[in-house]
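Notes follow once the structure below has been shown.
Laboratory data are not the source of any read-out in this text; all were calculated from the coordinates shown. Everything quoted here is computed from the prediction, not taken from an experiment. With ideal geometry, Cβ positions are generated from the backbone for all residues, glycine too; neighbour counts draw on all protein chains shown.
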RNA sequence: GGGUGAUUAGCUCAGUUGGUUUAGAGCACCUGCCUUACAAGCAGGGGGUCACAGGUUCGAGUCCUGUAUCACCCACCA
């Protein structure tokens, strides 16, 4: 049904679904973005584009590996090492086959019209080929390199992670002030016995390579060049000067630990310091930590602090709150650890992205993200792409081995997809998940085969819809990757949605247990209602604080839509073939008004949609259906008690209704399609999903009639108001006399007296341009005309006086502001003509008495 | 430390390049209605000095500056 044709002559419109993790279940963010994407793709399909919405899933390296590992531990009491790499990866694939469809199945419940025949997975054959190809290309271009650097190491997942995957959180800790005894010569020179440093991480003391002070710091001038003895090991290290040190912090002296801190690593490089690694990959201390070897890093912290205390080396301990990096995945505190990793040099890629952004090759909606993106590109750092995992794309790099089977480090590696020579072994690491995701917009279409028909037809894609939370992980990398590998921005527009939060504004998360399951909502309210509410709530990338009660709005609206159809259906005759197009040539004021309202709305809706203001568009359609069509149009054409609607009326009403169905279909596909087929006999090819989007053909059609009808609406409302305010009994018929502002109006109102009679319980209805106010009547002013309702014997004079006084006060205030404007010469001189004209009209309509 | 967003009715929020009545919606509230499409509804109503202080303009919820509060993002302060 939704299969896109890469051979069609239609202009393509493409959306790539951000691939959810195979491990995942549909959450509110997916539901929101799914609803938005589906609405857009359905609109484009109706507008005649060759619309492709390509779905898929992401292998999600760490996340999936963790889930499967937990699973085999629970079921078989085994860890992945017990199974071995090959067996384990097999298990993950099994798991993927078994559970990978869950989330796509959930997407289907939302009513998403993806092209499931093109569903992709980030580790399927084609995408793997693209990944290997890009690795090799980047390597050949010198943009991928291997290096031994400090990386963010997660001791739980036992892998390096990228800077973007590290979250910074405030943690309470302590700041220990530790005495470092001075070497004899230095002690003599300075007249001091020790130098005091402040540290939050005493467990790294055995890895200290120096103590550093600021060269400008007078307190320590004599210390520079001296030596100091490291507590716990007694090793002697130099006292150096470096401008990085801030004299005002702590004691102004810093312990330098190049192996376990990024800044210290940099200082170490500048001063050629020894790098002493004392922490293992699992977070325990190694043999270089001496007596503390084998202890966990946090136990060691405690123990070393105690030992220092015992030795009398602690001057004081302060409570201290600092930022620590934790793994976004496991929550474990990150350990900066020295290791061999693969990196991508991002600066050249970012350069291209910034240039393309300046050229306007792609646009963010809302636009503020353009500058956010730019800022990010300017500060880009190299990307650690290797992960010490088993689940993912293997790195296409091969090493020569020595006789014992270990890597021969004296020989260079070879970059290749297949084993270049027998005996060579492949790099054990896999690539970061995002290294496949960043190719998603084109790898899914057959790239690197640039002649692939899908790639030719559907690339570059039209719009990307995503939450801003993955702007830096994914979106910016897709832009860089797209520009680098295909020379094109992978999408023209980027619509950033907000993040769905809970009722009180917290992110939905498993740990808080504040998530709302979209499937439960769908069961409770229906998919259309959920979609409706999500889209109405989704305003211009603003976060959504979600109260489940908001879905009642959608449910009630779907209900209204259904009930409106029931009314028409009651009056439809099975034996009659109704026309299939709306004949706009009509003399009936109500029809003319409704037609003009529809065209106004279509115009406004198209405008809103072109800027991704789906919420505005949908609210306008809501008002059109509920307020205009149901509350006025249907009420007016509805026949009296036992009567039936004449054929012509039904014909027109059903045709108007079907325009509303078309406008609503992209947002509420289920109910609209169902009613569409209940309304008439239709072929499958005549499904609403394939119907053409309504076109706003005639600007300002029946504009004057529309205005007249609105005046009548106001008159009806003010008469109803009088009835209510004056407590006129419901069954009492009243008379209405209208003193129209001029002859033309009088004639027009008089011609449409049936509208008044239909909507008001009237005994008599009179209009003239020169009537007198009847005695004992309530009155109202509407658009320059006066409405009188004689209520002798019923009217409460005091109440009516109060009502009128309030009204007069309101009108006078209004008139005053209008007059102020019109008497202001500058206003008349500067304001555009239509604005001044409007003020004149306001004045004319207000001044009656 | 840098940046972004938010602050509008009791609540949750819309409000487009400044100018259709003196700011809207849904929910909640008040009054009257089980009127054969719909009580998940109909009709009527109350409720806001648009966070605060200045400024620009004929005209500011909307643009500018500053302040306050909240939220988020980025950053190497031991």
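Assuming a ≥ b ≥ c are the square roots of the Cα gyration tensor eigenvalues, decide whether chain A counts as rounded (a/c under 1.5), prolate (otherwise, with a/b larger than b/c) or oblate. Write down the numbers at each step before the final one.
Values: a/c = 2.97, a/b = 1.98, b/c = 1.51.
It is prolate, given that a/c is not under 1.5 and a/b is the larger ratio.
Residue ranges A:222-235, A:184-197 sort as A:222-235, A:184-197 when ordered by packing (mean number of other C-beta atoms within 10 Å per residue, highest first). Applying 0.36 nm per residue to the separation of residue A:269 and residue A:619 and subtracting their alpha-carbon distance, the gain on full extension is 119.9 nm. Label separation (residue A:643 vs residue A:826): 5.9 nm, computed from points 7 Å beyond Cα along the C-beta direction.
By the count of neighbouring beta-carbon atoms within 10 Å, fewest first, A:597, A:810 end up ordered A:810, A:597. Among A:446-452, A:405-411, A:334-340, sorting by the average number of other beta carbon atoms lying within 10 angstrom of each residue, highest first, gives A:334-340, A:446-452, A:405-411. Spin-label model, residue A:796/residue A:355: points 7 Å from Cα along the beta carbon direction are separated by 7.8 nm.
Dividing the convex hull volume of the Cα atoms of region A:45-122 by its residue count, what figure in Å³ per residue is obtained? Don't skip to the end; give the middle numbers.
Values: hull volume 8.2 nm³, N = 78.
Output value, Cα hull per residue: 105 Å³.
Axis of helix A:61-76 versus longest Cα principal axis of chain A: the two differ by about 80°, to the nearest ten degrees. Between the Cα long axis of helix A:703-725 and the first principal axis of chain A there is an angle of about 80°, rounded to the nearest 10.
May I ask for the distance between the Cα centers of region A:348-408 and region A:415-438, given as a whole number of Å? After rounding, the separation between the Cα centres reads 16 Å. Distance between the C-alpha centers of region A:1-72 and region A:511-526? Whole Å please. Rounded to whole Å, the Cα centres lie 20 Å apart. For region A:697-849, the Kirkwood hydrodynamic radius from C-alpha pairs, put into Stokes-Einstein at 37 °C and a viscosity of 0.692 mPa s, yields a diffusion coefficient of 194 µm² per second.
Among A:486-497, A:774-785, sorting by the average number of other beta carbon atoms lying within 10 angstrom of each residue, highest first, gives A:486-497, A:774-785.
Kindly identify region A:114-156 as rounded, prolate or oblate by the Cα gyration tensor criterion: order the square roots of the eigenvalues as a ≥ b ≥ c, call it rounded if a/c is under 1.5, otherwise compare a/b with b/c, prolate if a/b is larger, else oblate.
Values: a/c = 4.20, a/b = 1.59, b/c = 2.64.
Oblate.
Relative to the longest principal axis of the Cα atoms of chain A, helix A:647-664 runs at roughly 20 degrees.
Listed from fewest to most Cβ neighbours within 10 Å, the set A:711, A:332, A:577 follows the order A:577, A:332, A:711.
Rounded, prolate or oblate, given the Cα gyration tensor of region A:267-311, with a/c below 1.5 counting as rounded? All intermediate terms of the calculation are to be shown ahead of the outcome.
Details: a/c = 2.55, a/b = 1.48, b/c = 1.72.
Verdict is oblate for region A:267-311.
Summing -39500 (n - 2.57) over the DSSP H runs of n ≥ 4 in chain A and dividing by its residue number, what mean residue ellipticity at 222 nm do you reach, to the nearest 500 deg cm²/dmol?
Working: 28 runs with 346 residues, N = 849.
Rounded to the nearest 500, it is -12500 deg cm²/dmol.
Calculate the length of the line joining the C-alpha centroid of region A:198-240 to that of region A:808-826, in whole Å. After rounding, the separation between the Cα centres reads 78 Å. Once the Cβ-Cβ distance of residue A:812 and residue A:580 is raised to the sixth power relative to R0 = 60 Å, the FRET efficiency obtained is 0.70.
Among A:383, A:93, which comes first, then next, by fewest other beta-carbon atoms within 10 Å?
Ranking A:383, A:93 by Cβ neighbours within 10 Å, fewest first, gives A:93, A:383.
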